[in-house]
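To keep things clear, I will list the structure first and then write my remarks on it.
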Amino acid sequence: MNKLVLPIVILLLCASCSKQFTFFNPNPNKLKIKNLDFEDLTLRTKIKFRSGTEDLKATAHVRIRQDSLIWFSLTPGLGIEAARGLISKDSIVLVDKIHKEYTILQFKDLTEKFNFNLDYHLIESILLGNMIWPVESEDNVVKQDTYYSVSKEKGDLAISHFIGIHTMKLEKLEAISDSTKNSMNIKYSEFDLISEKIVPAKAAISIQYKSRKDGRRKISNINFDHTRIDIDNKKQKFSFDIPDKYKYVRK
């Protein structure tokens, strides 16, 4: 389970986006950002994860009910499901189907462990390429050559959003913790227009953090390639069971 937990948690902190569209907004003080809005959404994603000597390639099936649940299944290879998970408002449940184990991660515990203020809304927003927080009048908004940059501070976390002038979508995100200097950078590429909505296609994520185990600075890189996206599929199910014989593992 140990080798699966970190990639899955980092996987869930991220994903997506950029093709060129023409939603130009000349007023940086009244940005009409094209956040993705839906009821249910399904993704099929190819993932590449690298951290130190760990190298993982997998296919993830993800189902999202907006502002409610994220269900996912992870298949590293040979068509065998290795892990399944469910993210709710207060926790992440991970099931290791290879070793017949499961664990429950509370957001308050993850926030303390990673020194990052983690919650469901943060994960869903980053996964879909949406703004984490809405633009407010006091935010620092600057028009650059190809972006509007929106800088925010929330507690220990400083985040810079870069909104594409032509897409009016989040195309880059830079986040850093003031106390730990842990950071996350996301570069979105290849937006697709599906069901009249602009949705993610690819993303490159880099997370730099200090290991609590040995105190060294480490880098984890994740690449996503969404090969299938369905919006508002009414047949989508979120059933999630843990077999009685599976062992609970505390993290």
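The values are calculated or read from the model by the stated rules, or taken from the named source; none is laboratory data. A quick note: this is a predicted structure, and the numbers were derived from the prediction, not measured. Every residue, glycine as well, gets a Cβ built from its backbone with ideal geometry; the counts of neighbours run over all protein chains shown. Keep in mind that these areas ignore ligands, DNA and RNA; they rest on the heavy atoms of the full protein, side chains included. Shrake-Rupley method; radii C 1.70, N 1.55, O 1.52, S 1.80 Å.
Summary of computed values
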| item | result |
| --- | --- |
| Of residues in region 105-147 being in a strand (DSSP E or B) and either acidic (D, E) or open to solvent by 70 Å² or more (accessible area, probe 1.4 Å) (or both), the one farthest from K210 (Cα to Cα) | K143 |
| Residue within region 188-203 that is within 19 Å of L74 (Cβ to Cβ) and in a strand (DSSP E or B) present | yes |
| Sole residue being among the basic types (K, R) and either in contact with a helix residue (DSSP H, G or I) (Cβ under 7 Å, 6 or more places away or on another chain) or farther than 18 Å from R50 by Cα (or both), chosen from K210, K202, K187, K247 | K247 |
| Which listed residue is of a type in the set (D, E, K, R), under 30 Å from A158 (Cα atoms) and within 18 Å of the chain's Cα centre (by Cα), from E112, E124 | E124 |
| Residue ID - least open to solvent (accessible area, probe 1.4 Å), chosen from residues in region 59-104 that are closer than 20 Å to T42 by Cβ and hydroxyl-bearing (S, T, Y) | S73 |
| Cβ pairs under 7 Å, 6+ apart, first in region 206-232 and touching a residue at least 12 places away in the same chain (Cβ under 8 Å) and at negative phi, second loosely packed, with under 14 Cβ neighbours inside 10 Å and among the small types (G, A, S) | K218/G52; K218/S211; I231/S195 |
| Leading residue by the ranking (modelled with the highest pLDDT) among those in region 182-204 that are open to solvent by less than 70 Å² (accessible area, probe 1.4 Å) and touching a Lys or Arg at 6+ places or on another chain (Cβ under 6 Å) | A204 |
| I176 being without any contact (Cβ under 8 Å) to a residue 60 or more places away in the chain, β-branched (V, I, T) and open to solvent by less than 90 Å² (accessible area, probe 1.4 Å) | yes |
